[in-house]
Structure formats: C-alpha cells, structure tokens
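Colleague: Can you keep this structure in mind? I'll have questions shortly.
The values are calculated or read from the model by the stated rules, or taken from the named source; none is laboratory data. Remember, it's a predicted structure, so these values are computed and weren't measured experimentally. Glycine gets a Cβ as well: all are built from the backbone with ideal geometry, and neighbour counts include every protein chain shown.
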Amino acid sequence: MPQRPGTPRLLRAINDRAALELLIERGPLTRTQIGDLTGLSKPTAAQLLARLEARGLVHEVGETEGGRGPNARLYAVVPSAAYVAGLHVGPQSIGAAVADITGHTVAETEIGIAGVEDPVAILHEAVERAGRAAGISLDRLHGLVVGTPGLVDPATGDFAFASDLPSWHRGLLPALRDDLRRRVSLENDVNLAAVAELHHGVAVDRDSFALIWVGRGVGLSTVIGGRLHRGAGGGAGEIGYLPVPGAPVTAVRREPGALKGAFQSQVGGLGVQALARAHKLDRVSPEQAVADALAAGPAGRAFLDELANRLAVGVASVCAVLDPGLVVLAGEIGMAGGKELAARVEAGVSAISPLRVEVRVSTVDGNPVLQGALLTALSAARDDVFDSTTEPVAEA
C-alpha cells in the first residue's frame, strides 16, 4: 500500500536527512546541537543518531571541551559512506577527481587524450587512475559525472556532438554505464562551471545569473530560479554561434571540426590572438596577451577596450533575452582579464543596453568544471544514501 504522509517512517526519514545535511554543513555537532537546530527533543535526537550510527553514516569524532559539566560527544558524517568521481574532458586531456560523501576531494589526476579514438576506454582509465590515487577501487564509487564540451541531449542525457572531439558520438552514455557499471551522467562543461559558481563562487547569493566562458572556445550557461536552463535540445548555451556586428555570418556545416560561429570568431581564443597581434601584443596564448595588456597600463588600454566591447555585445544580447542581473566571466581569457576586464564589459553593456547588469569575474578556486561535476555527483549520491536511512515498511 502507498505510504501516507505523516507516517512515523516518513517523519524519521525527514529528520534523518535534515540531521545529515546539518552535519555536512556545520559538523561536527553534539546531540544537543542537532536537537536545537532541528527542533527535535533530546530523546528523539539520541534515537536518530543511534539509527544513523547503525547505518554506518555517522560516527563519534571527539568530545566538546571547556564547558561546564561533562564533555558532550561530537558526531560527524562518515566520509567513506560513499565516494563519487567528477571528470572534465578537454581537447587535449581529461581531469578526474574523487570526493567522499562530505564533499572533500581526496584525489585529483589528469590524463592526456591526444590521438585517442576510444572515449570509453580512456574515460575508464581516467576513473581508475583517480580511484587509485584516492586509495579506493572502482566498485566503491557511487557514481560519476562527466563534463564535456558541446551538446548533451537533455531528453536522453546522452552525448550529441562536440567539434573538438570528433571520435565522441551518440551512444557514449549507455556504453559508459555498461563499461563502468555505475551511475554515470554527462553534462555540458560550462553548465558544470555554473554549478560550481552557484555553490562556491560569486553567485552564491543569487538564484538567477548567466556565466560566459571565454577561453579557447566560448560558451554560456544560465541559471534561472536556481536551476540550469538547458534548452529543448541542450543548446541553450551555444552563444559562440551568435551573429554579431563585425563578423561574417556563414552557413553552419555540421561535420566535426567545422562548427564555427560569429561571436566565437570575435572573442574565442583565435579571435583574441588576432586582436592581440593587431595591438602588438602577440603571445603564445590569448590569456597571456590579456595579462600583458593589463600589465602594460595605458599601452594596453586600446586592446582591452576593444575586447571588452566585443564581449559587451554578447552580454547585452543575453541580458535582452534573460535579464539575469549578474553575468559571470569565466574561462582562461575571462579569468586573465579579472576585475578590470569585467568592469570594462559592464560599462560597455550599459552603453548599448537600457538593462542594468553586474559583470563579475569568477571566484571559484581550481577547476570549476571538475568542481561542478563533483557537486552534481554528490547531490545524486546524497539523495540515494541519505534518503535510504530507514528500513522499508512491509506492504499489507
């Protein structure tokens, strides 16, 4: 028979989940602290902790000190209750990391993929290598999330295409699940960067914002009401194809490696390198050219102004449709430009759009795509592990 709202088992499950989330966010905590924060009585909090200890989800980690009376026991979530992996696929390498259920990253590795034709085999190797670095076997991973450039079909969760990865194709998701025998999810890399920004970056206090990735490629992710907006076909962030003044608009060819867009040609890696050469700032990488322009002071101003004005056209277009209030600059070029480039872009948008927008640079430390992949994998793992803390009730 279906479980009715308000049954003792349902209430226990709700209380258990609330306590586990508190221990993740604020732990270690005492029984009294858990009771105070959840509104539970001391006996109920004690029963809850005993239940979670029996499940192997919570353990004692010490005692309080310095207070009057006997020291109280401190409890925390058992880190090894579950592990997840996150992967970031780039054109030349795959970054992989493993985190425990508390969110602590226990290992991070990288593996080259130049010339690799079998994506399943190389992803398997990347996961195993990260697992070895973390000291765990593959069968201890609860699940993993793979961040990849290009499109992921939101209807199937499967890979659609990426011009940088011609050997990657539809059918990758079921092939990975069959190979790894684990929960596997694919997600657009810029979407994962936005997830990291929402949890650990400059957008922690926002439920709606846009993130523009400016690097070798250009991508957009939008978060609306705290949720990623993917679009009907997963292409909501393909801002590189946005027609812009000053760039030719050509027919899109769909074979791998041929997908080029107007906005991409203006602010992507090759476009920024061309702009840098025109301003006598040619360097081995576009991000280095941006850094050099910032260091050059007045001598680099013209280059930065033109780059900012190009970016402002794309940002203004996003604002005209979504009005997100906040736009975050990320990616190698966006990060190299820092606060100064963000301020110039904001000024450029205000000059061509009546909508007010705040443009800020990403504040996520490390690899934001990898962090977003781990956060997404952790959310699913916690739903599975934390929501199964009570025994099922036998049906009548």
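Colleague: Kindly provide the set of residues from region 157-192 that are closer than 15 Å to residue 122 by Cβ, touching a helix residue (DSSP H, G or I) at 6+ places or on another chain (Cβ under 9 Å) and not aliphatic (A, V, I, L, M), ordered by number.
Modeller: 159, 167, 168, 169, 179
Colleague: Test of understanding: among 190, 195, 214, 223, which residue is β-branched (Val, Ile, Thr) and more than 13 Å from the chain's Cα centre (by Cα)?
Modeller: 214
Colleague: Scan region 140-161 for residues that are small (Gly, Ala, Ser) and buried (at least 16 other Cβ atoms within 10 Å of the Cβ) and report the count.
Modeller: Result for region 140-161: 4.
Colleague: Same structure again: Tally the residues that are in a strand (DSSP E or B), in contact with an Asp or Glu (Cβ under 9 Å, 6 or more places away or on another chain) and either surrounded by fewer than 19 Cβ atoms within 10 Å (Cβ to Cβ) or not β-branched (Val, Ile, Thr) (or both), restricting the search to region 312-336.
Modeller: Selection size over region 312-336: 2.
Colleague: Looking for whichever is in a loop (DSSP other than H, G, I, E, B) and more than 18 Å from residue 177 (Cα to Cα) here; the options are 115, 95. Which one fits? Lay out the reasoning, then the answer.
Modeller: Working: 95 fails: in a loop (DSSP other than H, G, I, E, B).
Every option except 115 fails the conditions.
Colleague: Looking at (1) modelled with pLDDT of 90 or more; (2) more than 15 Å from the chain's Cα centre (by Cα); (3) among the hydrophobic types (A, V, I, L, M, F, W, C), can you tell me which one residue 204 breaks?
Modeller: (2)
Colleague: In region 109-139, how many residues are over 15 Å from residue 172 (Cα atoms), surrounded by fewer than 14 Cβ atoms within 10 Å (Cβ to Cβ) and modelled with pLDDT under 95?
Modeller: Number satisfying all stated conditions: 5.
Colleague: Considering region 349-388 alone, what residues qualify as being part of a helix (DSSP H, G or I), aliphatic (A, V, I, L, M) and under 12 Å from the mean Cα position of the chain (by Cα)?
Modeller: 369, 370, 373, 374, 375, 377, 378
Colleague: Here's something else I'd like to know. Please enumerate the residues belonging to region 252-263 that are more than 20 Å from residue 160 (Cα to Cα) and modelled with pLDDT under 90.
Modeller: Matches in region 252-263: 262 only.
Colleague: Is region 35-46 home to any residue that is modelled with pLDDT of 90 or more, under 21 Å from residue 100 (Cα atoms) and within 36 Å of the chain's Cα centre (by Cα)?
Modeller: No - not one qualifying residue is present in region 35-46.
Colleague: Another one. Every residue in region 177-206 that is of a type in the set (S, T, N, Q) and surrounded by fewer than 23 Cβ atoms within 10 Å (Cβ to Cβ), please.
Modeller: If the condition is that a residue be of a type in the set (S, T, N, Q) and surrounded by fewer than 23 Cβ atoms within 10 Å (Cβ to Cβ), then 185 is the only one that fits.
Colleague: Moving on. Could you grab the pairs with beta carbons closer than 6 Å, sequence gap of 6+ or different chains, first residue in region 136-155 and farther than 21 Å from residue 90 by Cα, second one part of a helix (DSSP H, G or I) and aliphatic (A, V, I, L, M)?
Modeller: Hits for this filter: 142/381.
Colleague: Looking only at region 13-31, decide whether some residue is over 31 Å from the mean Cα position of the chain (by Cα), under 13 Å from residue 73 (Cα atoms), at pLDDT 90 or above and assigned to a helix (DSSP H, G or I).
Modeller: First, pick out the residues of region 13-31 that are over 31 Å from the mean Cα position of the chain (by Cα): 30-31.
With the extra rule that they be under 13 Å from residue 73 (Cα atoms), the set shrinks to 30-31.
Adding the requirement that they be at pLDDT 90 or above leaves 30-31.
Filter again for assigned to a helix (DSSP H, G or I), leaving 31.
Yes, because at least one residue in region 13-31 is over 31 Å from the mean Cα position of the chain (by Cα), under 13 Å from residue 73 (Cα atoms), at pLDDT 90 or above and assigned to a helix (DSSP H, G or I).
Colleague: Out of contact with any Ser or Thr (no Cβ under 6 Å at 6 or more places or on another chain) and within 19 Å of residue 217 (Cβ to Cβ): which single residue out of 277, 310 fits that description?
Modeller: After applying the criteria, what remains is 310.
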